[in-house]
1. P(r) of the protein assembly as shown in 10 Å steps, Cα pairs, percent per bin?
2. How big is D for region B:16-130, in µm² s⁻¹ as a whole number, if Stokes-Einstein is applied with the Kirkwood radius of its Cα pairs at 37 °C and 0.692 mPa s?
3. Please give the contour-minus-distance gain from B:Glu130 to B:Ala78: 0.36 nm per residue of separation, less the Cα-Cα distance, rounded to one decimal in nm.
4. Compute the separation of the alpha-carbon centres of region A:104-177 and region A:5-23 and state it in Å as a whole number.
5. Simple spin-label model, 7 Å along Cα-to-Cβ: B:His155 to B:Ala65 in nm?
6. According to the Kirkwood expression over distinct Cα-Cα pairs, how big is the hydrodynamic radius of chain A, in Å?
7. Take the alpha-carbon positions of region B:1-72, form their convex hull, and give its projected area averaged over all directions (one quarter of the hull surface) in nm².
8. For the protein assembly as shown, which whole-number percentage of the solvent-accessible area (1.4 Å probe, protein heavy atoms only) is attributable to carbon and sulfur atoms?
Amino acid sequence: MATERTFRVWRGDDDGELAEYRVEVNEGEVVLDVLHRLQATQVPDLAVRWNCKAGKCGSCSVEINGRPRLSCMARMSTFDPDETIIVTPMRTFPVIRDLVCDVSYNYQKAREIPSFTPDPKTEPGDFRMYQADVGRPQEFRKCIECFLCQNVCHVIRDHEENKENFSGPRFLMRVAELEMHPEDTADRRNIAQEDFGLGYCNITKCCTEVCPENIRITDNSLIPLKERVADRRYDPVVWLGSKIGLRKGADTPMVPNTRPGREAEE
Amino acid sequence: MEVGPTCHYVMGGVEVDADTGAAVVPGLFAAGEVAGGMHGSNRLGGNSLSDLLVFGRRSGLGAAAYVDELGTDHPAVAEEDLADTTAAARAPLEREAGENPYTVHHELQDTMNDLVGIIRRGSEIEEALEILDKLRDRVANVRSEGGTIYNPGWHLALDLRNMLLVSESIARAALEREESRGGHTRDDFPDMSPEWRKVNLVVSLRDGRVRLRQRAVDPLRPDLLELFEHEELTKYLTKDELAADATAKEEL
Ligand SMILES: Cc1cc2nc3c(=O)[nH]c(=O)nc-3n(C[C@H](O)[C@H](O)[C@H](O)COP(=O)(O)OP(=O)(O)OC[C@H]3O[C@@H](n4cnc5c(N)ncnc54)[C@H](O)[C@@H]3O)c2cc1C
Ligand code: SF4
Ligand code: SF4
Ligand code: FES
């Protein structure tokens, strides 16, 4: 059964504004379907990013009535019949046009993380891992890189100035994943704090709240990473070790030449 | 919940040299789903991934070797070709009047879905070809609103031209192939034909129109044929072919 609903959709770039439309909605549809109908019938140049319509590619992230969500997974049946639906682009990233953001910040942060570093003496097939060690990072590997967690995190949402020194939950989770890997030899605890800004996170769990893959980002990655960092930095034995030079050079630096301006500083 | 069939894979694609990924157009290389010939009439589950790995590498090496061979002798893009392409791309934005590309797109989708879909019939494919013929002028005259930054309506206007060509190619080839095999099912020709197994259909663009030709396929080498279990072969060979194969094996 078709009904007509009111949509308010962001048009333009960062200085754009909300435009109001009345649009047909059919049974079983999601917000993305309705945006596509708007495109097809009223605003052919409406910029919307999407790919899979199955909640698996992470490209259709927007804010619906203020809540960061995948538009392809937002069922119209979950809204009141006379509720106005407001769709805006993710606020934390620059708007290219309408609902499409430039999410390069995230790719930049991904590049800075030193990749998996097994012992060079190991060959494929050498790893012997406990099932628990295999299982732990599996949860983090469900990430579809929708960047909704990055978008919601207050550290950067309204603080452009923090972006340089904060990698956001998605990429701190990646650091945690590598830290937990029993065959990884790099020590990322220092850069997690110094370069990727783990200390900015005050475990509000907003990232966990919006994650469409229901990854328990805060509880299972950020907090354990904080505990490991605390061991490295505040454990008196480790502290003494680093004072008397036992730990010298053990801290893995972030990937060189990935952060603009950084080399010039050092 | 609505449940319906959807496209999973395109068998067939750009004709390439298997060793280098080189297409017939000099300097064009293709690998993966867009390349044709790898999977015959029906791709088996999981085989796309292995295709991508093997032929992605081959095409990369092929393209690199091609560029090395050119040395300093790189072909230049003709200024007038650039100007023509730019003008053609801008045309939908500059048109004062014209149809909404989404309307034409929906009609193209419906035509292909209803008439050249999963179960095909000669008379229906002919009907589809007539409709596609009428869509040609409409595709050429769609109008897009807005500018050049992230404009889906404009992108669709540009894509439509290729969608129409691909649709016509599929319909023409499906009409020509009077048998059922793999992903191609003809209601009016329900059986597999040993004659059609020896033929590939090749389409190309000639003076803006789709040209269809038949080309002989190299027969499968007996030593390769032997690698398959009988059960598997029954899916692709007719009874007569299987009998011939069995006799040949006995003679070995
Ligand atoms: C639902 C589903 C499940 C599948 N499951 C399996 C499976 O389990 N195992 C398996 O082996 N295969 C599977 N397949 C098939 C397999 O996933 C695909 O065949 C394979 O991913 C194709 O890869 P590709 O790189 O050739 O093409 P694509 O991944 O389609 O890449 C083409 C790229 O070209 C880009 N592009 C298009 N036009 C332009 C342009 N004009 N300019 C620049 N870029 C452009 C696109 O954005 C895209 O990134 C599945 C397919 C589907 C649909
Ligand atoms: S838990 Fe930490 S990373 Fe997650 S939203 Fe809160 S402050 Fe940001
Ligand atoms: S962790 Fe969750 S919210 Fe964050 S990018 Fe991955 S899938 Fe999206
Ligand atoms: S379109 Fe892929 S996640 Fe929504």
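The values are calculated or read from the model by the stated rules, or taken from the named source; none is laboratory data. Quantities reported herein were computed from a predicted structural model and do not represent experimental measurements. Neighbour counts are summed over all protein chains in view; Cβ atoms, including those assigned to glycine, are modelled from backbone coordinates with ideal geometry. With ligands, DNA and RNA removed, areas are computed over all heavy atoms of the protein, side chains included. Shrake-Rupley method; radii C 1.70, N 1.55, O 1.52, S 1.80 Å.
1. In whole percents, the pair-distance histogram is 3, 13, 19, 22, 20, 15, 6, 2, 0.
2. 178
3. 15.1 nm
4. Cα centroid to Cα centroid, the span is 34 Å.
5. Once both label points are built, they end up 3.5 nm from each other.
6. 20.6
7. 6.2
8. The nonpolar share, carbon plus sulfur, comes to 53 percent.
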